[in-house]
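Notes follow the structure.
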Protein chains: 2
Amino acid sequence: MEHLEQNFMLLEKYLPFWNHLSTPQKTILAQNVFSASYSRDSHIHLGENDCIGMLIIKSGEMRTYLLSETGKEVTLYRLGAGEVCILSASCVLHTITFDVYIDAARDCEILQINSSAVSRLMEENIHVEAYAYKLATERFSDVMWAMQQILFMSFDKRLAIFLLDECSRTKSDIIKMTHEQIAKYTGSAREVVSRMLKYFSSEGFVELSRGGIRLLDKKRLKELL
Amino acid sequence: MEHLEQNFMLLEKYLPFWNHLSTPQKTILAQNVFSASYSRDSHIHLGENDCIGMLIIKSGEMRTYLLSETGKEVTLYRLGAGEVCILSASCVLHTITFDVYIDAARDCEILQINSSAVSRLMEENIHVEAYAYKLATERFSDVMWAMQQILFMSFDKRLAIFLLDECSRTKSDIIKMTHEQIAKYTGSAREVVSRMLKYFSSEGFVELSRGGIRLLDKKRLKELL
């Protein structure tokens, strides 16, 4: 019982539709939420064979991406602490007909609400349905942003934006990622990333080493934008 | 008054949330809907400066696309008779932060519900809000389909799919479009379209003439897929 009350408090904090639920509906949710941990780079949701439910991110970061039949990845967006992932419950959103992959980009602590509970509440309560689709539309905006970058922006700008964002996100001037990983995040190929980083290095924007990429001249990187 | 009653009947036919509206809400909608016509290739909605409202397509076809600063177009999806266009009211959907362009791909007869009426009803009635976001999520699925085609599929397949779809859509074996127009629809460049059509022609899949493209061998085109 104590466990249920604890879940009540947690869910109320994260879910804006909480006060529109009846007491039995609150109980259904609280009985169907459980904690899970994912370590960095592990898979959370694997395309169409998966429908693990709605995920509340308590800490960490998730990366959502497309995966082609030939193994090419294109990153769509990332979610962090306090955000709710809905595409992991896409099977219960009838107007979603595509599938994505979701990995832990950093170690994640999450609350997972299983799909059947989400589905039942969406059918019973219009506020839950509106919330789910509103959240999906927020991801639609994220995807459109990524799409415009990939389709319209030259790669030097995209890579500069990525390096600067990553620095401010981690509050460090050193980015500890491989060229392969950066390629996945920027929807590019490893060779293209390596070539552009070599150019950035020759211009003195960055310094490349085995440990990663050190940003030397953010001001001139920003001038590329 | 007769005019209002006519609008009631039309709106009831197209809008699934109609029966969840109060009588005053129905009246607001009926007072804020008007008919409009757009001839083929005219602009209906022009990016961020525009918010013309929700559009019910009575007949014709609309094309929604992205437009880059340099004038490059990428078609996202098309909507036809009986469908409702919501991205033309994106300013009243708070989780939509991108802008698209919408043209008439064929002559269109539409019912236009102005944005302020849509906005007011979304605030007053949760069923309208859920409908709007659910519809936006349907467009999200369309965009993801287009994105996967553009990012992952080789252009011979994409062009074959486009030609076959266009034939079945128009119920004709002749496609009366320029290479430039086909490039816009397939998110490609005119030169690429011309080169691939020349190849298709040399293989005997199609016949090229000034009037358009005639499909000669649909069976072998389908084998490309």
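The values are calculated or read from the model by the stated rules, or taken from the named source; none is laboratory data. The model shown is predicted, which means the values in this text are computed figures rather than measured ones. Backbone-built Cβ (ideal geometry, glycine too); neighbour counts: all protein chains shown.
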Inset, instruction - Mind listing just one residue for me: the one in segment B:122-135 that is more than 9 Å from every other protein chain (Cβ to nearest Cβ) and among the acidic types (Asp, Glu) and, of those, farthest from B:Ala89 (Cα to Cα)? - result: B:Glu124
Legend entry - Some residue of segment B:145-152 being in the same structural domain as B:Phe17 (by the TED database), of a type outside the set (Val, Ile, Thr) and assigned to a loop (DSSP other than H, G, I, E, B): no
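Could you check, for segment A:139-153, whether at least one of its residues is farther than 21 Å from B:Leu66 by Cα, touching a residue at least 12 places away in the same chain (Cβ under 8 Å) and aliphatic (A, V, I, L, M)?
Taking segment A:139-153 and keeping what is farther than 21 Å from B:Leu66 by Cα, we get none.
No: segment A:139-153 contains no residue that is farther than 21 Å from B:Leu66 by Cα, touching a residue at least 12 places away in the same chain (Cβ under 8 Å) and aliphatic (A, V, I, L, M).
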Legend entry - Filtered residue count, segment B:2-36, keeping only those that are exposed (fewer than 10 other Cβ atoms within 10 Å of the Cβ) and closer than 16 Å to B:Tyr131 by Cβ: 1
Legend entry - A:Lys176 outside the structural domain of A:Glu61 (by the TED database), surrounded by fewer than 18 Cβ atoms within 10 Å (Cβ to Cβ), in contact (Cβ under 8 Å) with a residue 12 or more places away in the chain and basic (Lys, Arg): yes
Legend entry - Residues located in segment A:183-207, provided they are assigned to a helix (DSSP H, G or I), without any contact (Cβ under 8 Å) to a residue 24 or more places away in the chain and touching a Ser or Thr at 6+ places or on another chain (Cβ under 9 Å): A:Ala183, A:Arg190
Inset, instruction - Could you tell me which numbered condition A:Asp156 fails, if it satisfies all but one of (1) within 30 Å of A:Ser22 (Cβ to Cβ); (2) touching a residue at least 40 places away in the same chain (Cβ under 8 Å)? - result: (1)
Legend entry - Given (1) acidic (Asp, Glu); (2) in contact with a Leu (Cβ under 7 Å, 6 or more places away or on another chain); (3) within 11 Å of another protein chain (Cβ to nearest Cβ), index of the condition B:Glu138 fails: (2)
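What about B:Arg63, is it touching an Asp or Glu at 6+ places or on another chain (Cβ under 7 Å) and either crowded, with 16+ Cβ neighbours inside 10 Å or free of Cβ contacts under 8 Å to residues at least 24 places away in the same chain (or both)? Step through it out loud before you land on a result.
Values: touching an Asp or Glu at 6+ places or on another chain (Cβ under 7 Å): yes; either crowded, with 16+ Cβ neighbours inside 10 Å or free of Cβ contacts under 8 Å to residues at least 24 places away in the same chain (or both): yes.
Against the criterion (touching an Asp or Glu at 6+ places or on another chain (Cβ under 7 Å) and either crowded, with 16+ Cβ neighbours inside 10 Å or free of Cβ contacts under 8 Å to residues at least 24 places away in the same chain (or both)), B:Arg63 qualifies.
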Legend entry - 1 or more residues within 14 Å of chain B (Cβ to nearest Cβ): qualifying strands (runs of 3 or more DSSP E) within segment A:13-101: A:61-67, A:73-80
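Is at least one residue of segment B:89-99 hydroxyl-bearing (Ser, Thr, Tyr), at pLDDT 95 or above and under 30 Å from B:Thr23 (Cβ atoms)?
Filtering segment B:89-99 down to residues hydroxyl-bearing (Ser, Thr, Tyr) leaves B:90, B:95, B:97.
Imposing the further condition that a residue be at pLDDT 95 or above reduces the set to none.
Scanning segment B:89-99, I find no residue that is hydroxyl-bearing (Ser, Thr, Tyr), at pLDDT 95 or above and under 30 Å from B:Thr23 (Cβ atoms), so the answer is no.
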Legend entry - Scan of segment B:150-169 for residues that are more than 16 Å from the chain's Cα centre (by Cα) and either over 20 Å from B:Arg195 (Cα atoms) or within 11 Å of chain A (Cβ to nearest Cβ) (or both), ordered by number: B:Ile150, B:Leu151, B:Phe152, B:Met153, B:Ser154, B:Cys167, B:Ser168
